[in-house]
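The values are calculated or read from the model by the stated rules, or taken from the named source; none is laboratory data. The shown structure was predicted, so the numbers you read here are calculated from the model rather than taken from an experiment. Neighbour counts run over all protein chains shown; Cβ positions are idealised from the backbone, glycine included. These area figures cover heavy atoms from the full protein model, side chains too; ligands, DNA and RNA do not enter into them. Shrake-Rupley method; radii C 1.70, N 1.55, O 1.52, S 1.80 Å.
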Amino acid sequence: MSVDISEIAPYNFSVIEPKWQDFWLKNDSFRTDCNSSKKKYYVLEMFMYPSGKVHIGHVRNYAIGDAIARFKRAGGFSVLHPVGWDAFGLPAENAALKQGGRPQDWTYKNIEIMKKQLLSLGFSYDWKREFATCDEKYYKFQQKIFLAFYKNGLIYRKKSEVNWDPVDNCVLANEQVIGGRGWRSGAPVEKRKLSQWFLKITDFVDELLDGLDHLEGWPEKVKIMQRNWIGRSEGCSIDFKTDDGDEIVVFSTRPETIFGATFLAISPDHSLATKLASGNEKIKSFVEKCKKGSVAQEFLDRQEKLGMDTGLTVNHPFLDKKLPVYIANFVLMNYGTGAIFATPAHDERDYEFAVKYDLPIERVMVSTADGDELPQVDDGILVNSDFLDGLNVAEAKEAVIRRLCEMGIGKREVFFRLLDWGISRQRYWGCPIPMVHCDKCGVVPLEEKDLPVLLPRDATFSGVGNPLEKHEVWKRVKCPCCGRDAVRETDTLDTFFDSSWYFLRFCVNDRENENLLEKKDVSQWMRVDQYIGGIEHAVLHLLYARFFSKALTRCGFVDVSEPFENLFTQGMVCNVAYRKENGDWLFPEEVQKRSNGEYEVIATGEKVVVGGVEKMSKSKKNVVDPDAIIKNYGTDALRLFVVSDTPPDKDFLWSDEGLEGCWRFVNRVWRLFVYAQSRGICAKKCQRDVEIDTLDPAVQKLYKDFHRTIKNVSDSLEERSMNKVVAFIRECVNSLYSFLEQIKNNETVFSLMIRDLIKLLAPIAPHICEEAWSMLGFEGLVSDSNWPVYQKEYLEVSTIDLPIQINGKFRGIVAVGVDDDEEVVWEKALQLPSVQSAMAGKSLKKKIFVKGKIINFVL
RNA sequence: GCCUCUGUGGCGGAACUGGUAGACGCGACAGACUCAAAAUCUGUUGUCCGCAAGGACGUGCUGGUUCGAUUCCGGUCAGAGGCACCA
């Protein structure tokens, strides 16, 4: 019995979607198959912090990953697609402080809630591998890693100036300081001197840098950011001696400008500055002023240059002249040697400083380009430089370094911007560091048998200081060396430590496996074939994870030089935001449109500024709750929407109309499936072959075009252009609607098209497809079915519409055979009225013919 | 300041190695169905001129290469992101 397609009831997602979610979960439908002979494919989305709620940004990230996982699965790969929780971190501790209770409880409760949300989104995860980084088991492994790194000399403790976040009351790594502010709190970072654990990431600096050249599957942008962050610079260090016999080693990448040097500058943190300060009140107060300045935001913004003459001088290495030594706040202690020679004529900072303090400026280079303004920073030809005169920069650099080396005062050197990674955090909710402080033995590692060091369950959170440090019972321990009373390390590990190796642990098939990293499992699955996450981790997590792979390899745990073969960075989800004129943000429900098109606050009638498109965030009151969307439109419509329209690597603009459109499309597809069923379309009808030549021309074209769709959808998925995937499927559904009358009686063609359409849509809208698959009597799950294959010969066309140009302008088309010779095509083209009228009275200068592409008459 | 990326209809965006610019969607407009509305289906929709056939213009701006440029090259403007006294 046939039905009217427009009368079919809408897709009943509230029943159908939970049904399949339960089925997949109960049957472990997406459990990783480790014993398969199929090629492996490891898809991973950056795991999430259990903040309490899944937001739309997560949905988009995971929808992209899930589409790839399902596509690869259908494409004949054995797919690993795990899920877990990056569960340590400050918010849990803040929640404990604010609402009482323990961070543990808060975290695990959030995980429970968010897991439910993920399940309601129908992602194809292997839930048997799920873990949280705060699981005792996971951090026990992590303590093992810490000890192994320690034994291998990759971890050390040192007292040094660190970044202190005054809001989070905690140290930050350099990578976590963004524009002088804490990455989480946004507070201006202060400097403090503390004893801290450091990870020797600088030991791998060359590998980390060179490895980037081979990461072809990474966005260029991320690689550039990492290269800049590592910041390699080549140059030369030069030894100077003050009249008092103090040594000052300077570093320069421009040693060829040495003849233009007019003074030396050392950092206020330089050991010589400290020494001088101790004997001189004026210098002491200056140094202190500089240190304060390096903290205050206003100084950072103004970058005002401050300096003080030490009264000391050094000899110029080549000239018979003395150079004064200044302490200058623009010289950084943590780069190079903390001292420079200044060449004001050829360096902007030196120039600014020299002008301010009235120091000489001597030109030693003339530009090859025009203009002779100082400072001249571009390369030129050396002048006033004795043995370097007339040389270009490269030649002069070589010559001067060679001479300095011969004199025994210079050395070729490479410096990096990258510093070692400080991993100590003065917080409770993190992985305890398995070290002990003993008065007699010093800092001693625990033995493996004493692991794990578990977090105490009875800590108190007062908001001041580190709860572990104040826990008098927990912190007492016997020294593993001498057995006397000692104290535990009370700092915990930076949570970025946790996320630097989780993707390796996901490889281990048996969650209970006591081996830290089962080598066989890791080598089976690594590298991650497709990693997906936000670009904000370009120099944080993504650099640390690369370092960990190399460090764990060095320690013999694994053999993974690089963790992520292909990296995809998805864009953010944005929404319009409203605010009052005083800047307060407003919820969309609080505003309404006036008749003149402006917006006002409903309650008060105040004028509303439509604040443009902003990243969805609670503070801007423009978030959309996935649960509400799922309740009203279903998961498939939501998933479809977040990958439609916008390429996944670009920012996505939320719109209710767009979502509505996807909901309409889901129903359009649903009606098509139900209609097909009513026409008797079912699995059985797919068994006959299609005799393409006997088909009605319209049906034949439809069927051939469908094979083009299969190719287009497959290619677009492969290149991660989900927006195109959706567009091609929509196109295909549109033409099925248009030719419904012609196709409805051809059961074989109709069946085959519906079957493969279900498969094409399944990676993005899995529930409706699973339902249709079962409804039409196909065996098993569409999630387990093979990806459709297109017939190449159907894509080949015999005739094409060839565009015709006159003087490069489009004038019409002419239908020709693909293989028609030039003469034949010309004949046909010349008969076109538009060509004839354009040619009238003119002579043909040239004819261009590109087979299958174009004809162009040049008159 | 330095580095990187991006500029295509009212909007999100398509366009293979240079070859019919604007696929697909949103919005808008019209028609069918309906007592009516919603839903659904079918059209139209870059701008300008024209009753029409048709024509002119059009991918930030500006030069160039080419028979032909959204695509390649030079300059320039605008926006986004990263780094920011890194010697």
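Could you run the Karplus curve 6.51 cos²θ - 1.76 cosθ + 1.60 with θ = phi - 60° over region A:149-158 and give me ³J(HN,Hα) per residue in whole Hz, x for Gly and Pro?
Working through the residues one at a time gives 4, 4, 4, 8, x, 9, 10, 9, 10, 8 Hz.
Quick one: 3J(HN,Hα) in Hz for region A:174-189, Karplus 6.51/-1.76/1.60 with θ = phi - 60°, rounded, Gly and Pro as x.
These are the phi-based 3J(HN,Hα) values: 4, 5, 8, 9, 10, x, x, 10, x, 5, 9, 7, x, 7, x, 7 Hz.
P(r) for chain A, please, calculated from all Cα pair distances in 20 Å bins and given in %.
Bins of 20 Å from zero give 12, 33, 32, 19, 4, 0 percent of pairs.
Taking 8 Å as the Cα distance limit and 6 or more residues as the minimum spacing, I'd like the relative contact order of region A:359-459 as a percentage.
13
Express the carbon and sulfur contribution to the solvent-accessible surface of chain A as a percent, rounded to the nearest whole number, probe 1.4 angstrom.
So the carbon and sulfur contribution to the accessible surface is 49 percent.
Per the Kirkwood treatment, what hydrodynamic radius in Å, one decimal, follows for region A:718-859 from the mean inverse distance over all distinct Cα pairs?
By the Kirkwood definition, the hydrodynamic radius is 19.0 Å.
Under the rule of -39500 (n - 2.57) per DSSP H run of 4 or more residues, summed and divided by the residues of chain A, what mean residue ellipticity at 222 nm is obtained, to the nearest 500 deg cm²/dmol?
Rounded to the nearest 500, the figure is -11000 deg cm²/dmol.
I'd like to compare A:230-243, A:431-444, A:273-286, A:683-696: which one has the highest average count of other Cβ atoms within 10 Å, and what's the full order after that?
Ranked by mean Cβ neighbours within 10 Å, highest first: A:431-444, A:230-243, A:273-286, A:683-696.
Looking only at chain A, where both bridge partners belong to it, what percent of the DSSP beta bridges are antiparallel (to the nearest 5)?
80
Any idea which of A:His58, A:Phe415, A:Val393 is furthest toward the positive side of the dipole for chain A, if Lys and Arg beta-carbons carry +1 and Asp and Glu beta-carbons -1?
So the residue we want is A:His58.
Using only alpha carbon pairs under 8 Å that are at least six residues apart, calculate the relative contact order of region A:1-129 and give it in whole percent.
Over region A:1-129, the number comes to 36 percent.
Please list the non-local residues whose amide H lies under 5 Å from the amide H of A:Glu489, H modeled 1.01 Å from N, same-chain partners needing a gap of 5 or more.
The list, which skips near neighbours in sequence, is A:Met435, A:Val436, A:His437.
Past 28 Å, Cα to Cα, is the threshold; run A:Lys109/A:Lys191; A:Lys19/A:Lys620; A:Lys221/A:Lys356; A:Lys26/A:Lys137 against it and keep the listed order.
The answer is A:Lys109/A:Lys191; A:Lys19/A:Lys620; A:Lys221/A:Lys356.
Which ³J(HN,Hα) values in Hz, rounded to whole numbers, follow from the phi angles of region A:356-367 under the Karplus curve 6.51 cos²θ - 1.76 cosθ + 1.60, where θ = phi - 60° and Gly and Pro get x?
So the Karplus estimates, Gly and Pro as x, are 4, 9, 6, 9, x, 10, 10, 6, 10, 8, 10, 6 Hz.
Rounded to whole Å and sorted largest first, list the principal axis extents of the Cα atoms in region A:684-763.
Ordered largest first, region A:684-763 gives principal extents of 37, 24, 18 Å.
Return the long-range amide H neighbours of A:Phe240 (sequence gap of 5 or more, or a different chain), with a cut-off of under 5 Å between placed amide H atoms.
Residues meeting the criterion, in which the H sits 1.01 Å from N, are A:Ile248, A:Val249, A:Val250.
Relative to the longest principal axis of chain A, what angle (0 to 90°, nearest 10) does the C-alpha long axis of helix A:393-406 take?
The answer is roughly 40 degrees.
With everything on Cα atoms, drop me the angle between helix A:766-775 and the longest principal axis of chain A, reported from 0 to 90° to the nearest 10.
30
Please work out the FRET efficiency for the pair A:Ser655 and A:Ser278, using the Cβ-Cβ distance as r and a Förster radius of 45 Å; give the result to the nearest 0.05.
Step by step, r from the Cβ atoms, then E = 0.10.
Rounded, prolate or oblate: pick one for region A:198-288, where a ≥ b ≥ c are the square roots of the eigenvalues of its C-alpha gyration tensor, a/c under 1.5 means rounded, and failing that, prolate if a/b is larger than b/c, else oblate.
It comes out prolate by the Cα gyration axes.
Quick check: with the 1.4 Å probe, what order do A:Leu832, A:Leu760 take by accessible area, largest first?
Most to least solvent-accessible, the answer reads A:Leu832, A:Leu760.
Residues of region A:169-237: accessible area per residue at 1.4 Å, in Å²?
46
For A:Phe263, which sequence-distant residues (separation of 5 or more, or a different chain) have an amide H within less than 5 Å of its own amide H, given hydrogens modelled in the peptide plane?
Long-range HN contacts for A:Phe263: A:Ala342.
Tell me, what is the per residue accessible area of region A:708-859 in Å², probe radius 1.4 Å?
So region A:708-859 comes to 48 Å² accessible per residue, rounded to a whole number.
Tell me the angle of helix A:56-74 to the major Cα principal axis of chain A, expressed in degrees between 0 and 90 and rounded to the nearest ten.
Rounded to the nearest ten degrees, it is 60.
With a probe of 1.4 Å, find how much accessible area region A:1-82 has per residue, and write the answer as a whole number in Å².
Counting only protein heavy atoms, the per-residue value for region A:1-82 is 42 Å².
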